[in-house]
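The block underneath contains the structure these notes are about, expressed in structure tokens.
The values are calculated or read from the model by the stated rules, or taken from the named source; none is laboratory data. Predicted model only: the values in this text are computed from it and were never measured. Note: ideal-geometry Cβ built from the backbone for every residue, glycine included; neighbour counts use all protein chains shown.
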Amino acid sequence: MQKEKRYYPYSKYLFETFGTKVYKITLDGGFNCPNRDGTISSGGCIFCDEVGSYSRCASDNLSVAQQIKSSIEHLSAQFKAKKFIAYFQSFSNTYANLEKLQKTYDEAFCDDRIVGISIGTRPDCVDDNKLDLIKTYKNPWIEYGLQSANDETLKLINRGHDYECFKNAVIETKKRGIKVCAHIILGFENETKEMMLNTAKKLAELNIDGIKIHMLTVLADSPLYKKYSQKPFYLMDMEQYCEIVCDILELLPKTTTIQRIAGTGFSETTIAPKWVNRRFEILNMIDKIMVQRNSYQGEKYSP
Ligand code: SF4
């Protein structure tokens, strides 16, 4: 039996919503990203590697329906899983015309056991028509990459959009009843702890529905690796990262689902820091710090 967390894990939210454990199926919808194909820039975000940033889903050129079928077979056999969320993860999964988007998302509901959809994308890659389409699906979520609410940082990391763009996308998305998860990264070279906490405060102001927190990681084949190999820069250690994660948890509303605070790890492409792949140690340290502080998610949140 898992010990009760001092924060609100996404898995708990799913259990409360669907009455059973729900598994996320990672999908490759065959989309690209405008920050990599030359539309915004050709270099992409500095931390992004050739598979589209912290995402690995080996689609083996399978169609969305085939990917769903194979994942359901596997998860049902291994975990007796009964309900699933279709998760479009790699690159920008709203970067196409409406027709292609509808066809791709429709395909994700090829099995009745798919109970919701989660779409990872950039905040500058949605518009009214796309959001109006997404809101028609069962239990829709959009996951927006933000990384930092500091515009100077966004320029440095070559995001190609500013905080205002993210904020407007979140407001338009939530207005339609679509839930929003934000992705942020801790540990950019220029960022102080206060700047990282400021990002969390801005997300709290937006009453964000979910968050994924990553430690800045130098991945092979990323522009950041080029920079790092020429002149290695300081990267936080595990304890510093966990302390800041706990500060962030305290600042967020109690209702924000915590979808990721420790990576699943792809050690073969991680150049630094290597500790990011020690998932259970990170989770345990976060639990320990929250206990030491006798603190909970939302403790310092003020609406
Ligand atoms: S928006 Fe995502 S996929 Fe595109 S370059 Fe940035 S991290 Fe990579």
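Quick notes on this one:
- Checklist (1) in contact with a Gly (Cβ under 6 Å, 6 or more places away or on another chain); (2) over 30 Å from ILE114 (Cβ atoms) applied to SER148, failing item: (1)
- Number of the exception - SER11 against (1) among the polar types (S, T, N, Q); (2) closer than 27 Å to PRO253 by Cβ; (3) over 20 Å from the mean Cα position of the chain (by Cα): (3)
- Against the list (1) more than 15 Å from the ligand (Cβ to nearest atom); (2) without any contact (Cβ under 8 Å) to a residue 60 or more places away in the chain; (3) of a type in the set (Lys, Arg), the condition LYS24 fails is (2).
- Residues of region 230-281 satisfying the condition of being within 22 Å of LEU156 (Cβ to Cβ), free of Cβ contacts under 8 Å to residues at least 12 places away in the same chain and polar (S, T, N, Q): GLN230, GLN240
- Test: residue in region 84-97 that is in contact with a Pro (Cβ under 9 Å, 6 or more places away or on another chain), of a type in the set (Phe, Trp, Tyr) and under 23 Å from PRO140 (Cα atoms): yes
- Neighbours by Cβ (under 9 Å, 6+ apart or cross-chain): first from region 155-178, within 10 Å of LEU131 (Cβ to Cβ) and free of Cβ contacts under 8 Å to residues at least 24 places away in the same chain; second more than 16 Å from the ligand (Cβ to nearest atom) and not hydroxyl-bearing (Ser, Thr, Tyr): LYS175/LEU131
- Checked against the criterion of being part of a strand (DSSP E or B) and either at pLDDT 95 or above or within 16 Å of the ligand (Cβ to nearest atom) (or both), region 7-14 contains one or more residues that satisfy it.
- Residue satisfying condition, being more than 16 Å from the ligand (Cβ to nearest atom) and part of a loop (DSSP other than H, G, I, E, B), within set ASP37, ASP60, ASP49: ASP60
For every residue, the table says whether it meets (1) among the hydrophobic types (A, V, I, L, M, F, W, C); (2) over 23 Å from ILE211 (Cα atoms); (3) over 20 Å from the mean Cα position of the chain (by Cα).
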position	(1), (2), (3)
LEU98	yes, yes, yes
GLN102	no, yes, yes
ASP111	no, yes, yes
VAL115	yes, no, no
ASN129	no, yes, yes
ILE142	yes, no, no
ALA149	yes, no, no
